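Trainee: Supplied in structure tokens, the structure appears directly below.
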Amino acid sequence: MAEVRLKGVTKIFHGGVTAVASCDLSIPDGQFTVLVGPSGCGKSTTLRMIAGLETATSGSIRIGDRVVNDVAPRDRDVAMVFQNYALYPHMNVEKNLRFPLERRRQTSFWRSLLSSTERARRRAETIVIDDRVLNAAKQLEIGEYMHRLPRELSGGQRQRVALGRALVRDPKVFLLDEPLSNLDARLRIAMRSELRQLHRRLGVTMIHVTHDQEEAMSLGDVLVVMKDGVIHQVGPPAEIYDAPADRFVASFVGTPPMNLIEGHVRGTEFVADSGAVLPAPIGAVEGPAVLGIRPESMMIGGTIDATIQSVERLGDRIDVVLDIGGVELTARCESKDGITEGQSCSVAIDTTRLHLFEAAAEGKRLCGDPVATMRGG
Ligand code: ATP
């Protein structure tokens with residue numbers, strides 16, 4: 001087990017693409033960290049630099065007490081699980097699990113034919129390998145498939161074998177690159193819970209990459225939200241949700257996304273550019289800003305006039321797109337009869353859950369959500 005620390009890590013590919021820009025990140029020992037962000041934000045490159053599959057252009061990467069920039073991938077004590085599983089198709093499950101250990105054996109089969117000492121050492125090694133393979137198979141409940149080929153397994157079973165191949169090596173750090181993205185929606189959710197349980201049992205440092213913010217929220221102890229090679233926020237899922245550091249994080253995390261409205265603060269009100277008047281968060285300072293309202297902070301029935309533009313029914317919940325004085329906002333509410341498209345209605349907004357961001361390009365968080373602010377927002 002080990003802590004992972006990145007200091008000023010930058011990756012510029014040939015051709016000048018800056019995939020990761022001066023990244024500082026400290027991942028404590030045993031933490032489940034999720035790197036999340038839209039496609040191309042540099043999360044896989046960051047993971048591959050930790051694994052040693054890409055070289056950092058500058059900055060230092062530390063695993064445990066060693067700077068590993070110049071250490072070969074196989075000597076970094078990390079195990080990577082890829083999106084496409086990377087199983088050997090001609091080997092059965094057992095051989096796939098044994099392979100990483102067989103490759104690292106200290107003893108030679110041929111020498112063991114000639115020397116009894118070498119034979120004894122090799123036997124001892126085989127016992128250790130058998131034990132690790134059996135243990136991994138047990139942990140991941142794949143013991144009954146040991147003689148099947150990868151193509152004879154379901155996606156979820158293949159994914160478990162891929163995890164098993166990482167597990168047998170007893171690495172200090174697990175690196176998981178979109179390991180669930182090839183699974184169907186139901187299996188993905190089941191595997192999330194398996195991954196969390198595995199992490200709890202092993203207590204090992206895990207770094208998981210995904211572009212799916214829901215997956216990130218459900219898996220991570222801590223999320224690292226990235227865009228264009230830059231880390232925008234690091235924190236536990238609840239903190240990222242309740243107190244997003246800027247407009248990008250606010251719009252990226254949450255389904256449906258947070259409503260963001262451009263305008264300005266005037267006293268205790270927020271006047272949208274369209275002229276609509278909405279409440280401003282407590283502590284807002286007058287001037288241009290962007291107001292953020294999570295869909296679940298709005299409810300049908302209140303004092304603000306609105307028109308229902310569209311309704312999407314989701315079982316016990318509905319997503320309602322509303323027009324409030326020329327501003328389009330999405331509300332997520334409990335399903336009610338009589339909510340129909342084109343109808344006029346009134347709306348209430350929970351003023352204790354509002355967010356305010358800078359109007360400037362970076363869109364840094366200004367204030368809002370006192371609960372989150374108390375937690376450090
Ligand atoms: P995705 O979710 O699509 O996998 P990502 O966030 O993991 O995206 P990266 O794969 O790390 O993003 O890529 C970051 C940027 O670096 C992208 O602009 C990508 O096109 C670029 N890039 C990645 N690998 C290379 C390469 N070998 N050569 C040149 N540019 C690359």
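Trainee: Looking at 292, 342, 301, which is the one that is more than 22 Å from residue 250 (Cα to Cα), open to solvent by less than 50 Å² (accessible area, probe 1.4 Å) and touching a residue at least 24 places away in the same chain (Cβ under 8 Å)?
Mentor: 301
Trainee: Inside segment 168-195, can you point out the residues that are at pLDDT 90 or above and either of a type in the set (Val, Ile, Thr) or surrounded by fewer than 16 Cβ atoms within 10 Å (Cβ to Cβ) (or both)?
Mentor: Hit for segment 168-195 is 173, nothing else.
Trainee: In segment 57-80, what residues are within 16 Å of the ligand (Cβ to nearest atom) and crowded, with 22+ Cβ neighbours inside 10 Å?
Mentor: 61, 80
Trainee: Quick check on my filter: what residues within segment 196-213 are open to solvent by less than 50 Å² (accessible area, probe 1.4 Å) and polar (S, T, N, Q)?
Mentor: Answer for segment 196-213, where residues must be open to solvent by less than 50 Å² (accessible area, probe 1.4 Å) and polar (S, T, N, Q): 205, 210, 213.
Trainee: Looking only at residues in segment 214-265 that are farther than 16 Å from residue 289 by Cβ and of a type in the set (S, T, N, Q), which one is most open to solvent (accessible area, probe 1.4 Å)?
Mentor: The residue in question is 255.
Trainee: How many of the residues making up segment 34-48 are in a helix (DSSP H, G or I), closer than 20 Å to residue 253 by Cβ and near the ligand (Cβ under 6 Å from one of its atoms)?
Mentor: 2
Trainee: If we only count strands (runs of 3 or more DSSP E) wholly inside segment 167-257, which ones have 1 or more residues that are over 13 Å from the mean Cα position of the chain (by Cα) and more than 25 Å from residue 40 (Cβ to Cβ)?
Mentor: Values: elements: 173-177, 205-210, 222-227, 230-235.
Those strands (runs of 3 or more DSSP E) span 205-210.
Trainee: Continuing with the same structure: Taking only segment 306-339 into account, find how many residues are open to solvent by 50 Å² or more (accessible area, probe 1.4 Å) and on the phi < 0 side of the Ramachandran plot.
Mentor: Of the residues in that region, 13 qualify.
Trainee: Here's another thing I want to ask about it. Quickly run through segment 1-33 and pick out the residues that are in a strand (DSSP E or B) and within 13 Å of the ligand (Cβ to nearest atom).
Mentor: Matches in segment 1-33: 9, 10, 11, 12, 18, 19, 20, 21, 23.
Trainee: Please identify the pairs in which a residue from segment 77-101 that is of a type in the set (Phe, Trp, Tyr) has its Cβ atom under 6 Å from the Cβ atom of a residue that is in a helix (DSSP H, G or I) and open to solvent by 60 Å² or more (accessible area, probe 1.4 Å), counting only partners at least 6 apart or on another chain.
Mentor: These pairs meet every condition: 85/158.
Trainee: While we're on this one: Go through segment 26-46 residue by residue and tally those that are closer than 26 Å to residue 166 by Cβ, open to solvent by 10 Å² or more (accessible area, probe 1.4 Å) and not small (Gly, Ala, Ser).
Mentor: Residues in segment 26-46 being closer than 26 Å to residue 166 by Cβ, open to solvent by 10 Å² or more (accessible area, probe 1.4 Å) and not small (Gly, Ala, Ser): 5 in total.
The values are calculated or read from the model by the stated rules, or taken from the named source; none is laboratory data. Owing to the predicted nature of the structure, the values given are computational and were not obtained by experimental measurement. Here Cβ is always computed from backbone atoms with ideal geometry, including for glycine, and neighbour counts include all displayed protein chains. Note: areas computed on protein heavy atoms with side chains; ligands, DNA, RNA excluded. Shrake-Rupley method; radii C 1.70, N 1.55, O 1.52, S 1.80 Å.
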